[in-house]
């Protein structure tokens, strides 16, 4: 009882926030009367809501905890990540969104494997099932990272056992996502997006204030123990850091949870509005969060697990007043939810629509998809109890998989009439072994694995496409406009 009275603001915000989630679940259920409504919101959503959802889905606890903490280890060059995030958000909305929206609507595609199957005219189920399995595996990795971030946060701040924190997060996100589908996810993301912007601003303000002000960073460059943080290859070879940032941001062009947002846009006007909403949102969040790790050098010593940097700062009463810590706990919970709900929905959708349903359709597809959300969430939570690595490492590998497997099919497929199912499959079956071989051989310490793997998959796609029959000799008229 004493803890509840002390943290009354966090308790109040949590109750209100949970009530909002349940309301959105109810609205989503009412609007999800069919597969189209549950998977892509009936393709009738505006640019503002989808734009906020786009950046809120991407900027999760991985940004609050993983990316912000990595600045402590990698220093000033880590700010390059923010530049790439903004750049690829813009490119995603300008080079992918317009045509993807038209293609998906023309072919009535509900998932990325749906798009690939229709775009490349695959007669067999091989392309659909293969791409779906890649999405399911990568989604599982990403969920592990988000669960780890939420668990670390609440363990550090609320003194809740890590396992209980993971379990509590699981129950809430599993409930409203399974009930409300895409509509519930996007409506909730709008609330979460604003909480995330305000939360990142509060973190930046209180951390920089405790560190001595915004202008104290140059003094780090004069200290022998931190001078390397201001060198391009001081903490890590720059080409490796460049690969990490690229693999973490290239997926903005091809990640199914991001691309699925474009399926839901109702018209071209929505695309034009969504561009600026998404770009401004991601710019604000990254501008506030990415420098936090550097300022933490004035406040924390000897941190070896950078995933703990932000939780340690937020839980320190000498840095954050109690009301701010309480608010940030809920804001970071919202950040976790905003990614988890999208990943769960995408994974469950392709599990039914493109694996189970493609092999043996069921009489009640929505019920099976909802069951998939529940089952996949439980599996990810159980595996997150003993995660295989740090938050950034897990998400970067997940992003590398998406880039290697889907960059040629999405980017080339939208803007070039050539291409075939054989080309897509060949790019996947070449890209993944190159990615894994590069890591296992230790070459990733000199050059990040995303460079050779993406080059191999793209080149394979172009070569095989040159010598195979195009899946679609003519693309939809609307897409060519």
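Here are the numbers:
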| read-out | value |
| --- | --- |
| The one condition in (1) surrounded by fewer than 24 Cβ atoms within 10 Å (Cβ to Cβ); (2) within 16 Å of residue 22 (Cβ to Cβ); (3) more than 19 Å from the chain's Cα centre (by Cα) that residue 202 fails to fulfil | (2) |
| Tally, over region 465-480, of residues that are at pLDDT below 60 and surrounded by 16 or more Cβ atoms within 10 Å (Cβ to Cβ) | 1 |
| Test: residue 403 is under 20 Å from the mean Cα position of the chain (by Cα), over 28 Å from residue 66 (Cα atoms) and surrounded by 24 or more Cβ atoms within 10 Å (Cβ to Cβ) | no |
| Helices (runs of 4 or more DSSP H) wholly inside region 214-256 that include at least 2 residues being within 23 Å of residue 446 (Cα to Cα) | 238-249 |
| Hits in region 26-55 (condition: closer than 18 Å to residue 344 by Cα, crowded, with 22+ Cβ neighbours inside 10 Å and at pLDDT 80 or above) | 38, 39, 40, 41, 50, 53, 54, 55 |
| Residue identified as closer than 30 Å to residue 351 by Cα, over 14 Å from the mean Cα position of the chain (by Cα) and part of a helix (DSSP H, G or I) among 295, 263 | 263 |
| Every residue from region 422-451 that is crowded, with 24+ Cβ neighbours inside 10 Å and either touching a strand residue (DSSP E or B) at 6+ places or on another chain (Cβ under 9 Å) or farther than 19 Å from residue 250 by Cα (or both) | 423 |
| Some residue of region 83-100 being more than 25 Å from residue 267 (Cβ to Cβ), crowded, with 23+ Cβ neighbours inside 10 Å and modelled with pLDDT of 90 or more | yes |
| Test result for residue 143, within 19 Å of the chain's Cα centre (by Cα), in a helix (DSSP H, G or I), modelled with pLDDT under 85 and under 23 Å from residue 263 (Cα atoms) | yes |
| Qualifying position, being part of a helix (DSSP H, G or I) and under 30 Å from residue 229 (Cβ atoms), among 300, 313, 273, 351 | 313 |
| Wholly within region 1-118, helices (runs of 4 or more DSSP H) carrying at least 3 residues that are at positive phi and out of contact with any helix residue (DSSP H, G or I) (no Cβ under 7 Å at 6 or more places or on another chain) | none |
| Test set (1) touching a residue at least 24 places away in the same chain (Cβ under 8 Å); (2) more than 28 Å from the chain's Cα centre (by Cα) - residue 196 fails condition number | (2) |
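Condition check ((1) surrounded by 22 or more Cβ atoms within 10 Å (Cβ to Cβ); (2) out of contact with any helix residue (DSSP H, G or I) (no Cβ under 7 Å at 6 or more places or on another chain); (3) at pLDDT below 90; (4) farther than 24 Å from residue 72 by Cβ) across all residues:
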position: 213; (1), (2), (3), (4): no, yes, no, no
position: 225; (1), (2), (3), (4): no, yes, yes, no
position: 232; (1), (2), (3), (4): no, no, yes, no
position: 236; (1), (2), (3), (4): no, no, yes, no
position: 280; (1), (2), (3), (4): no, yes, no, yes
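The values are calculated or read from the model by the stated rules, or taken from the named source; none is laboratory data. Just so you know, these numbers come straight off a predicted model, no measurement behind them. Cβ: placed from backbone, ideal geometry, glycine included. Neighbour counts: every protein chain shown.
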